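Asks: First, the structure itself, so that you have it in front of you.
Readers should treat all values here as calculations from the given coordinates under stated rules, not as data from a laboratory. Please read all numbers here as calculations on a predicted model, not as lab measurements. We place every Cβ from the backbone using ideal geometry, glycine too, and count neighbours over all the protein chains shown.
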Amino acid sequence: MRNNSKLANIYLGFMLVVMYLPIIIVIVYSFNSSRISSIWGGFSLKWYEELLRDRSMFDAAKNSLVLATSSSVLAAIIGTLAAVGMPHVNLRGKGVVEYISTLPIMIPEIILGMVFLVYFALIGLPFGMVTLVIAHTSFCIPYIYMLVKARLVGIDKSLAEAARDLGASEVRVFFDITLPLILPAILSGMLLSFAMSLDDVVISIFVTGVNTNTLPIKIYTQLKTGVTPKINALSTLMLGVTLLIYILSAWIGKKGSHREDLQMEGK
Amino acid sequence: MIKRLYECIRSLKINCLAFLAVLPLFAFTFIFVIGPLAYMLILSFLQRAEVWGVVNKFTFKNYRDILEPVYLKTFIESFKLAITTTFLITIIGYPFGYFMAKLDAKWKKRMMMFIFVPFWTSSLIRLYGWIIIFRANGVFDRFLMTLNITDAPLKLLYSYPAVLVGMVYVLLPFMILAVYSSAEKLDWSLVEAARDLGASSFQAFLTISLKLTLPGLLSGVVLTFIPSMGLFFIADILGGNKVVLVGNLIQEQLMKAHNWPFAAALSVILMILTSLMIYIYRRISNVKELEGLV
Amino acid sequence: MGEYILELDRIEKSFGDVKVLNDISLSVKQGEFITLLGPSGCGKTTTLRIIAGLEKPDKGKVYLEGKDVTNAEPNRRNVNTVFQNYALFPHMTVEGNISYSLRLKRLDRARIKETVSKALELVQLVGFEKRMPSELSGGQRQRVAIARAIVNEPRVLLLDEPLGALDLQLRRQMQTELKRLQKHLGITFVYITHDQEEALNMSDRIAVMRDGKFEQIGTPQEVYDQPKTSFVASFVGSANIIYGTVSHVNEDTLVFENKNGIGIAARNKINILKGQKITVAVRTEHISLTPAASNRNAVGLMGVVKEKSFAGGLLQIFVNLADGQEIIASRHGIDSLLVPGDNVIVTWAPEKAILVDLEGAQ
């Protein structure tokens, strides 16, 4: 009963193939020298070349990276500080605020986009990178907050007490003890935020300015208007980046776990 | 408030520092989450001005407009699509998550990676792949024609089935992960005990495994249903103009018709519906706990 | 205030509705090894945490070297703690852990390195500088925790059941080492344990605690041979608690009786009146059992042997008295001639019977 039957494994395999099929097709056709995807014209890198020469793509890529980085960093700061401080704060309604701050990932994206659009218009913020960063930060904060909060719960309380006993002030306890131990959670949260931000199309469409394009927006508009295999090349590259981010996050996860082993034993 | 801040910094006691630490989150949430949502609510009750913007007049008109058949139909269509999507995802995703939990540790890790990488990849990219497959004379057509199943290209793209495939495809990992995390914690010795007592594999599954992984299944349902009400760009890309969902409607009203109050009203209704779903989910999972099924 | 390095003055502490510490007072001399002994939940850890500054008392004061530190933060007291689970920082090396307090004081690197080496020598972990806590055994982590605490040269060292997680052999070894260390460094140790053997072995003085109060504070000998209450008598070593009414008062002894028979106790110059109700404690090893059959005139408590068992290196004989009370007699050896069912007379030497729970006599 514990191991899968052959049928089960076949099912898993089949589903995996189906899951990867579109991705593989995109990658394969990025090397197709023919413009029309249904005809194979031979292996070629020309779409990549075209891609690299496309200035607007470059700008969009740059914007996406800046956006993703700013949002994850900002979310990391706000989220981490809040997660660390929340258990020690005694304000009525802190649970409510905590809940509301996670709303951006719980309500449908279309609503979030719409809501930001009208609000930013109301308060007169210029549409562009600023509004994009604010919007993205709002849905990145919950990930980091929850991950750090979970990690904090698992940390031995007596460590902070020992540090204070040895002479550390509250601030020092945070930097010397707490921060190093929650770092894996912060980093995974940042990576997740980074990926979410890079991927976001719905919210970005609503809150971006006329002159600011992000990669997903660019891909989206091209998908609607007219596709060139340049998109395939772009997609393949983005896939590579995602893979890289994933490997990074797994590596960080491993580094964090040996400390957890110690805490389990120490009890 | 200022005095408190001052004392705070002087003594650097933990409560004060903690207060400062949560301040950014509080501020951000108030200004950029509560603010916008509150404004949306207010907006839905305002009247649309002639050409652009709003007039400060309280009205229920926006909500009444929603009851118009054409808009109501959109809601119903979206609802139907969401239900169908969730249903398909459940059938496809539950076995996947369940079988995945039964793999040995090495394969579990690999599977996680296999699922996560597409998950983190831009959904647009993955959808694009389906466009290539589905378009007239695309991969799928040629595949079928080679096998002599059909001899004319099926117009699969820009159709309801295509949108369905897209939705299922994008949201599937949520269900898989939800079921997996629940199934992973399953105590297999319970199943073995059931077998030992005379249950067939299937019976053991129905009475033990299914009941115990129900929480995961339910989370998965919630995690897929809610987004599927709002993912308008999938319908946009794969459905062309044939499939119009609430999401598309909101976007259209906002960007093209500039009828902000109406778009706000639509969003409010959408939010109420999704909140209802979450509430029902919570009630169901609590009831299950009381009955000792969980 | 001059001779006492640590003083607790009428400390009270509650957590929610539960009163954990109920008017605790203690004076500790410089260089003393004092142990707080008591069952789980009696409040000894809370007391320690209040001394360390990790908790603040609701009422009462804490004085360190004559200064009122009741509300001072833990990082401002010259007191260090060895935690029960060691609380070693998992992300720092052994060296990093031990040198932490020194680095906070911004001492120069050479001095720090030297101090750390000396500390490692003291706890016999030379060469372990670069190891990570996760690579150490329980006993080794224990010693790093101690090194980390003493390197600060605190005036008082607090140890919270430090040997609890170690196996018996190691525990005995560490007990000797800790005692040696304390004598060598001359630091005042405030030690917590629930193991009375440990307390008796290591301490200069023991404070026996129950339900947030000190029942008795005294040297190991005082606490063992002259327990003041029935709780102390039973907790430290094992004792039989016998109740009775005084029937005769003599110069040095008194005679009492209860439903089971007659007993004698030493008077120890205490004022006792005939008819007074008393409680007497007799240690199990001081109980004598004589077969009733062989000695019809012996005077004592009447009972029937219930069972014999061998535990902790001693033979224990359980006797049921007429009113249902159980008396335990222990001695060395594997067996005795008595068997279950035998009628016996329970007696003891008068000076081995101690009057306890005397009102007003604290």
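Asks: With n ≥ 4 as the cut-off for DSSP H runs, can you work out [θ] at 222 nm for chain A, using -39500 (n - 2.57) per run divided by the number of residues, rounded to the nearest 500?
Replies: When only DSSP H runs of four or more count, the value is -25000 deg cm²/dmol.
Asks: If you don't mind, another one. Counting DSSP beta bridges in the range C:4-231, what percent are antiparallel, to the nearest 5?
Replies: 55
Asks: Another one. Return P(r) of the range C:4-231 (all Cα-Cα pairs; 5 Å bins starting at 0; whole %; ordered from short to long distances).
Replies: In order of increasing distance, the bins hold 1, 7, 15, 18, 19, 16, 12, 7, 3, 1, 0, 0 percent.
Asks: Further, regarding this structure: Straight-line reach from B:Lys73: which lysines fall under 29 Å, measuring Cα to Cα and dropping same-chain residues less than 8 apart?
Replies: A:Lys224, B:Lys57, B:Lys61, B:Lys155, B:Lys242, B:Lys256
Asks: So, one more: What per residue convex hull volume, in Å³, comes out for the range C:122-165 when only alpha-carbon positions are used?
Replies: Taking the convex hull of the Cα positions in the range C:122-165, it is 80 Å³ per residue.
Asks: Nearest 10 degrees, 0 to 90: what angle lies between the long axis of helix C:109-122 and the longest principal axis of chain C (Cα atoms)?
Replies: Helix C:109-122 sits at roughly 20 degrees to that axis.
Asks: Using label points projected 7 Å from each Cα along Cα→Cβ, tell me how many nm separate B:His258 and C:Phe310, to one decimal.
Replies: The modelled label-to-label distance comes out at 10.2 nm.
Asks: Follow-up question, since we're still on this one. Between C:Thr290 and B:Glu192, what FRET efficiency follows from the Cβ-Cβ distance if R0 is 56 Å, with the result rounded to 0.05?
Replies: 0.35
Asks: Give the separation of the Cα centroids, the range B:213-263 to the range C:128-181, in Å.
Replies: The range B:213-263 and the range C:128-181 have Cα centres spaced 62 Å from each other.
Asks: For the pairs C:Lys118/C:Lys183; B:Lys102/B:Lys185; A:Lys6/B:Lys185; A:Lys149/B:Lys185, flag any whose C-alpha to C-alpha distance is greater than 18 Å.
Replies: A:Lys6/B:Lys185; A:Lys149/B:Lys185
Asks: Quick test of the membrane-span-like rule: which DSSP H helices of chain A reach at least 30 Å along their long axis (C-alpha atoms) with mean Kyte hydropathy at least -0.5?
Replies: Once both thresholds are applied, what remains is A:6-30, A:55-85, A:129-153, A:230-266.
Asks: Helix C:94-104 against the longest principal axis of chain C: what's the angle in degrees, Cα atoms only, rounded to the nearest 10?
Replies: The helix C:94-104 is inclined about 70 degrees to chain C.
Asks: If each of C:Asp225 and B:Leu144 carries a label point 7 Å out from its Cα toward its Cβ, how far apart are those two points in nm?
Replies: Taking the simple label geometry, C:Asp225 and B:Leu144 are separated by 10.3 nm.
Asks: What's the Cα-based Rg to Rh of the range C:169-277, Rh via Kirkwood?
Replies: My calculation puts Rg/Rh at 1.12.
Asks: Here's another thing I want to ask about it. Return, for the Cα atoms of the range B:64-290, the radius of gyration and Dmax in Å, separated by a comma.
Replies: Reported Rg and Dmax, both Å: 20.7, 66.
Asks: Could you work out the relative contact order of the range A:55-266? I mean the mean sequence separation of Cα pairs under 8 Å and 6+ apart, divided by the number of residues, in percent.
Replies: Normalised by residue count, the contact order of the range A:55-266 is 35 percent.
Asks: Round to a whole angstrom and tell me the spacing of the C-alpha centers of the range A:110-132 and the range C:214-276.
Replies: Here the two parts' Cα centres lie 84 Å apart.
Asks: OK, next. So what's the projected area for the range C:219-358, the Cα convex hull averaged over all directions, in nm²?
Replies: 8.5
Asks: Helix C:138-150 versus the longest principal axis of chain C: what angle, 0 to 90°, nearest 10, using Cα atoms?
Replies: 70
Asks: If you don't mind, another one. Note the per residue figure in Å³ for the convex hull of the C-alpha positions in the protein assembly as shown.
Replies: About 258 Å³ per residue, rounded to a whole number.
Asks: Report, by chain and number, residues whose modeled amide H sits under 5 Å from the one on C:Arg283, excluding near sequence neighbours (fewer than 5 apart, same chain).
Replies: Close amide H contacts, sequence-distant or interchain: C:Asn240.
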